[in-house]
Amino acid sequence: MSQPVEGLVVAIAGSSGLIGSALVSALRAADHRVLRIVRRAPANSDELHWNPDSGEFDAAGLEGVDAVINLCGVNVGEKRWSGAFKQSLRDSRIAPTEVISAAVADAGVPVLINASAVGYYGDTRSRVVDETAPAGGGFLARLCIDWESAALAAEDAGARVVLVRSGLVLSPGGGVLARLRPLFGLGLGARLGSGRQYMPWISLEDEIRGLLFAINNPDLSGPVNFTGPAPVTNSEFTAALGRALNRPTPLLVPGFALRTLLGEFADEGLLDGQRAIPAALERAGFVFHHNTIGEALAYATTSTQG
């Protein structure tokens, strides 16, 4: 395992989201300089302007940057999946990633870390998958395939490209738990469908630690699952969150009800799952702070830090 490098310059696209905000704080706490890549006019010397819609990005702004981290993308569960919204999911990821990848190549940035998701694997049922597993089927898998392909263009210019396939990020300050906690608090916590679908998870703390690890580890490249070591089923997750909040979880939401309410997203987003494990991270020497769903939920439901 490589030693952390001091005084890096890291540029981040998507720095205002849940993961981006926490990453900015962690990098600055470690005395690294952070450049935010923003769509509006820069407010100071630590911001770089881009317009991914028009392909505008002055690669000169990335000169001297040690790593670029791309976290762009509209939340897949933000709206019901209409044709227009599915296109916005693609538009918010693929074209911006192409722009960033080209800028990284033009500026000679040595490292590009690009967000992706375990949705790449499709529905794996009970089959364990690591980074060597093939892509699955469905909209989310195709989205991840094209998203990652856009990032890999920087590899041709010599950049080390890390494709971060994240699971469900458990945070004390937002994300999916911000939606679930009120329901569970009212005793409305419920397993979804059969409850047998796997929910790969990772604590926000380990997600951020993993990103810092990826920046510093020259041997880490290609797809890397950012998931806790022990993925759980939806039934197990529901029971664990109920225990963490000291609330009962006797309810079940049938699959047909979810499909009626949420349409296509119900299947790929809630009723399908991936039993994904972090083989590449652990092989590279990464040590998780939260190894079980109980540990991750204890952190996410009691910590005051987002």
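The set of residues from the range 13-37 being open to solvent by 20 Å² or more (accessible area, probe 1.4 Å), without any contact (Cβ under 8 Å) to a residue 40 or more places away in the chain, of a type outside the set (D, E, K, R) and not in a loop (DSSP other than H, G, I, E, B) comprises S25, A29. Go through the range 111-159 residue by residue and tally those that are closer than 27 Å to W81 by Cα and not in a loop (DSSP other than H, G, I, E, B). Total satisfying the criteria: 22.
Answer yes if at least one residue in the range 90-101 is buried (at least 17 other Cβ atoms within 10 Å of the Cβ), polar (S, T, N, Q) and either part of a helix (DSSP H, G or I) or touching a His at 6+ places or on another chain (Cβ under 8 Å) (or both), and no otherwise. Among the residues of the range 90-101, at least one is buried (at least 17 other Cβ atoms within 10 Å of the Cβ), polar (S, T, N, Q) and either part of a helix (DSSP H, G or I) or touching a His at 6+ places or on another chain (Cβ under 8 Å) (or both), which makes the answer yes.
The set of residues from the range 160-184 being open to solvent by less than 20 Å² (accessible area, probe 1.4 Å) and not in a strand (DSSP E or B) comprises G167, L177, F184. Return a yes/no flag: does the range 143-154 have any residue that is at pLDDT below 95, in contact with an Asp or Glu (Cβ under 8 Å, 6 or more places away or on another chain) and open to solvent by 40 Å² or more (accessible area, probe 1.4 Å). Looking for residues that are at pLDDT below 95, in contact with an Asp or Glu (Cβ under 8 Å, 6 or more places away or on another chain) and open to solvent by 40 Å² or more (accessible area, probe 1.4 Å), one finds at least one in the range 143-154, hence yes. The residue that is most open to solvent (accessible area, probe 1.4 Å), among those in the range 200-235 that are in contact with a helix residue (DSSP H, G or I) (Cβ under 7 Å, 6 or more places away or on another chain) and part of a helix (DSSP H, G or I), is E205.
Does at least one position in the range 191-207 carry a residue that is among the polar types (S, T, N, Q) and closer than 23 Å to W147 by Cα? Step through it out loud before you land on a result.
Here is the first cut: in the range 191-207, the ones among the polar types (S, T, N, Q) are 194, 197, 203.
Narrowing the set further to residues that are closer than 23 Å to W147 by Cα leaves none.
Checking the range 191-207: not a single residue is among the polar types (S, T, N, Q) and closer than 23 Å to W147 by Cα.
The single condition among (1) part of a loop (DSSP other than H, G, I, E, B); (2) open to solvent by 20 Å² or more (accessible area, probe 1.4 Å) that L270 does not satisfy is (1). Within the set D53, D46, D66, the sole residue that is at negative phi, open to solvent by 20 Å² or more (accessible area, probe 1.4 Å) and free of Cβ contacts under 8 Å to residues at least 40 places away in the same chain turns out to be D46.
The values are calculated or read from the model by the stated rules, or taken from the named source; none is laboratory data. Note that this is a predicted model, so its numbers are computed, not measured. All Cβ positions, glycine included, derive from the backbone under ideal geometry; neighbour counts span all protein chains shown. With ligands, DNA and RNA removed, areas are computed over all heavy atoms of the protein, side chains included. Shrake-Rupley method; radii C 1.70, N 1.55, O 1.52, S 1.80 Å.
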